Amino acid sequence: MDNILTLRQAADYLKIGLSTLYALVNQRKVPAFKVGGQWRLRQRTLESWLDGQGTRPGPRVLVVDDEESVCNAFKEMAFLLPYGVVTTQTGEEAIELARQGQFDLVFLDLKLPGMNGVEVFKAVKKFAPSAKVVVITSTSDEALLRRALEMGPFILLRKPVSLADIETVVQGVIGKH
């Protein structure tokens, strides 16, 4: 049996803000239907719709950050803008994703569990040499930042980052599509 979700349950499931989901449903960007004047979403339909979000045509963005809140901010941005966004919390998975697909923009934390962001930067540039890199970090480790600069130019965003910061950088680097 297919689960029917309220708007709040669906927002929690998607890990996005309720107001964001409400706007998307009203704009008919997310499949939903009304019951008694209230929006409802079928979980199975929502999952199918979600599967297509990371594979949209157009610019592709890879986000590598071990903080779930940062990944969630990017997921929310993905619903609002016409970009394919893929997130991961590990450097190893980021490298595998870069190996499998082409990304136009990579948001990368320098402090990751396991391998550091500089190692990921180097590997990602090997598989996606034309990708623009945005380092998102709260580190004050100057040596680590210098090592990142050796990999090539990048944009630096200091944490905490806001949805507006993310949107500005994405639109500035890959434009409006």
| query | Residue check: is D109 within 30 Å of L7 (Cβ to Cβ), in contact with a helix residue (DSSP H, G or I) (Cβ under 9 Å, 6 or more places away or on another chain), among the acidic types (D, E) and modelled with pLDDT of 90 or more? | reply | no
| Filtered residues of region 130-157 (kept if closer than 16 Å to F107 by Cα and exposed (fewer than 12 other Cβ atoms within 10 Å of the Cβ)) | S130, P153
| request: Look at region 155-170 and say how many of its residues are more than 19 Å from E67 (Cα to Cα) and without any contact (Cβ under 8 Å) to a residue 24 or more places away in the chain. | output: 2
| request: Could you list all residues from region 74-129 that are in contact with a Ser or Thr (Cβ under 7 Å, 6 or more places away or on another chain), open to solvent by less than 20 Å² (accessible area, probe 1.4 Å) and closer than 13 Å to L62 by Cβ? | output: F74, G84, A94, D109
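In region 106-127, how many are within 17 Å of the chain's Cα centre (by Cα) and closer than 19 Å to E67 by Cα?
Residues flagged as within 17 Å of the chain's Cα centre (by Cα) and closer than 19 Å to E67 by Cα within region 106-127 amount to 9.
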| For region 24-51, what are the residues that are in contact with a helix residue (DSSP H, G or I) (Cβ under 8 Å, 6 or more places away or on another chain) and of a type in the set (A, V, I, L, M)? | L24, V25, V30, A32, L41, L46, L50
| field | 1 or more residues over 30 Å from R28 (Cα atoms): qualifying helices (runs of 4 or more DSSP H) within region 67-177 | value | 91-100, 117-127, 142-150
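The values are calculated or read from the model by the stated rules, or taken from the named source; none is laboratory data. Keep in mind that this is a model prediction, so the values were computed, not measured. We place every Cβ from the backbone using ideal geometry, glycine too, and count neighbours over all the protein chains shown. Accessible surface is based on the protein model in full, side chains and every heavy atom, while ligands, DNA and RNA are left aside. Shrake-Rupley method; radii C 1.70, N 1.55, O 1.52, S 1.80 Å.
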